[in-house]
1. Answer with yes or no whether B:S155 is of a type in the set (G, A, S), under 27 Å from the mean Cα position of the chain (by Cα) and within 21 Å of A:R82 (Cβ to Cβ).
2. Report, by residue number, each residue of region B:44-57 that is under 23 Å from B:N103 (Cα atoms), part of a helix (DSSP H, G or I) and polar (S, T, N, Q).
3. Can you confirm whether A:V53 is within 27 Å of B:E133 (Cβ to Cβ), surrounded by 21 or more Cβ atoms within 10 Å (Cβ to Cβ) and of a type in the set (A, V, I, L, M)?
4. Out of region A:72-94, which residues are within 7 Å of another protein chain (Cβ to nearest Cβ) and either among the aliphatic types (A, V, I, L, M) or in contact (Cβ under 8 Å) with a residue 40 or more places away in the chain (or both)?
5. If you go through region B:26-48 one residue at a time, how many are modelled with pLDDT under 85 and not β-branched (V, I, T)?
6. Give all pairs with beta carbons closer than 8 Å in which a residue from region A:280-294 that is within 13 Å of chain B (Cβ to nearest Cβ) meets a residue that is part of a loop (DSSP other than H, G, I, E, B) and among the charged types (D, E, K, R); count only pairs at least 6 apart in sequence or on separate chains.
7. Which of the residues spanning region A:48-78 are charged (D, E, K, R) and assigned to a helix (DSSP H, G or I)?
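The values are calculated or read from the model by the stated rules, or taken from the named source; none is laboratory data. Bear in mind the structure is a predicted one, so any value in this text is a computation, not a measurement. Because the Cβ atoms are built from the backbone with ideal geometry, glycine has one as well, and the counts that use them run over all protein chains shown.
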Amino acid sequence: MCSTELMSELTDRQLSAYLLGSLPAADAERIDELSVTDEAFAERLRAVEYDLVDAYDQGELLGADLKNFEGYYLNSPIRRNRANFAAAFHTFASVNADAATESTSALVSEKGLLSRIFEWPTLRLAFAAGLVLMTALGGWLFIENARLRGELDTASARAEDMERQAEVRRAQDPPGTVKLSDESVELARLRAEREELERKLARAQARPGIRPPARPADIPRRQAQSSIPRILSFVLTPPLRSSGQLPQISLPEDTDRAVIRLELESNELHSYAVELREPATDRVIWNTRKVTAVRSGDQSSITANIPARLLRRQIYTLSVTRSSSAGEREIVGDYTFRVVR
Amino acid sequence: MNDRPTTRVKKSSWEFSEGAFKAFLTWLDDGTESDGRSYLAIQQRLTAYFDRKGCQTPVNLADETLNRVGRRLEEEGEIITEAPAKYCYTVARFVFLEYIRDNARRGEVPLDDVLERRISDRTGVSNSDEEQELKERTFKCLESCSENLVPANRSLILRYYFGVERTKIENRRQMAGELGITANALSIRACRIREKLEVCVTKCVDGK
């Protein structure tokens, strides 16, 4: 079999297995040879290697792959450097995300997406009709939204004002006095009114087309923004022994990643491992083996960057461990929280 | 571990003369004029091969392989039995087998023990200040090295590695469409730029 045929026959999964040292010797030998004799194959192998290193850095490797990556792949200074580079590169790419999206906009504009749409007469008419309809609907929804928001603000201000006045009177009354005045009734009415307005506003915002219709100049930018990962950040404080209410994190359905900063009790800047578990089954559904703590003021913390698709509406625990001087894993803390979607 | 000899195979005393090196480049180019790029490419591929085989000094073993090929070429005037890259691989396999045999003969620490020790070194308590400093240096080097890239390449690599999971996949698909190339070709293009960037950053971090 010639090398081109062999090259296309090999899947990326097989190449990953080769890089992780888990491919049978005979197959590995064929790849050894191709990796030296065929430049195109060597490039493909390198691309698969980058994807593998990226997957490790982003906590996407699990089970045997993770074990082999750490036990086999990382056993070389060259490859360790590659993994370190990947970590730095991802941070760099995130920091420069604006530049990336700017160029996305530029490229899409360059292609003249709108001008291509307008080459079709039917589409042109449909677009114009849609634009009129969207403008009318968007305008009405916009006004309705503003009206509800105004009413909500007024009701909230009145309720807060009354609450403040009631608080002052309570402080002036002798202890043990219980009063059910007209003010209390009014306060309860205002609270109910505020809750009702909040519900209406939420319903209005949930309606499709609440945003004003897109202007042509906005379209490329909007498209670029749709490819920006939606990342939500949360902070979990060190777990306490007293059983209080579970911290709750609310993830909208379109969230891509949940970045959870775990504040540590200790201020030592160790390297930690983090596992995300389902307490009901004790199953590990995500992990990361090497997270270095950072210090901000007196508080040290580590960050877990978890793919949001792994988090369903239930309770989870993030278990944090570190290596002791004897080389054993030492439990640092379990951060239990509830996910609401 | 650091005081061990760097290369386990018996190094040939032969070295490239200017004439031998020119002849070697001509043979390696196999009829094309690569201006030394073929030499660098095969050296890099051999280094990666020895590294994947778990050798401790992959760069030295790659050089040793190319030296042996060069000597044979000088002695015989030509090598026509195999294509240049294939012949280099054949010699590399012998170099690797020698490396294994010599290690076994010296009765050195079994490979598993070495691996285990390296793993514990890696996962043990690290010097975080040093690590932090390295991270900062790497980041600065990334900034300066990426500035040296052609703007189109800088933009391509930032976009290619932008996002995670489905966002990343969708982004790459869109990029390939815009550029009018296959996903595979795009991946190779991004890979080449990343490789350049990695080499530049590694040199910069080492202060070279």
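1. It is false that B:S155 is of a type in the set (G, A, S), under 27 Å from the mean Cα position of the chain (by Cα) and within 21 Å of A:R82 (Cβ to Cβ).
2. B:T47, the sole residue that qualifies.
3. So A:V53 fits the description; yes.
4. Of everything in region A:72-94, those that are within 7 Å of another protein chain (Cβ to nearest Cβ) and either among the aliphatic types (A, V, I, L, M) or in contact (Cβ under 8 Å) with a residue 40 or more places away in the chain (or both) turn out to be A:L74, A:I78, A:A88, A:A93.
5. Taking region B:26-48 as the starting set, the residues that turn out to be modelled with pLDDT under 85 are B:30-36.
In the following step, the residues that additionally are not β-branched (V, I, T) were identified as B:30-31, B:33-36.
The number of residues fulfilling the criteria is 6.
6. Matching pairs, first to second residue: A:A293/A:E268.
7. A:E49, A:D51, A:D54, A:D57, A:D65, A:K67, A:E70 - these are the residues of region A:48-78 that are charged (D, E, K, R) and assigned to a helix (DSSP H, G or I).
For (1) within 30 Å of B:K203 (Cα to Cα); (2) touching a helix residue (DSSP H, G or I) at 6+ places or on another chain (Cβ under 9 Å); (3) at pLDDT below 80, each residue gets a yes or a no:
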{"residue": "B:G77", "(1), (2), (3)": "no, yes, no"}
{"residue": "B:C88", "(1), (2), (3)": "yes, yes, no"}
{"residue": "B:F94", "(1), (2), (3)": "no, yes, no"}
{"residue": "B:L97", "(1), (2), (3)": "no, no, no"}
{"residue": "B:D102", "(1), (2), (3)": "no, no, no"}
{"residue": "B:R105", "(1), (2), (3)": "no, no, yes"}
{"residue": "B:E108", "(1), (2), (3)": "no, yes, yes"}
{"residue": "B:S120", "(1), (2), (3)": "yes, no, yes"}
{"residue": "B:N127", "(1), (2), (3)": "yes, no, yes"}
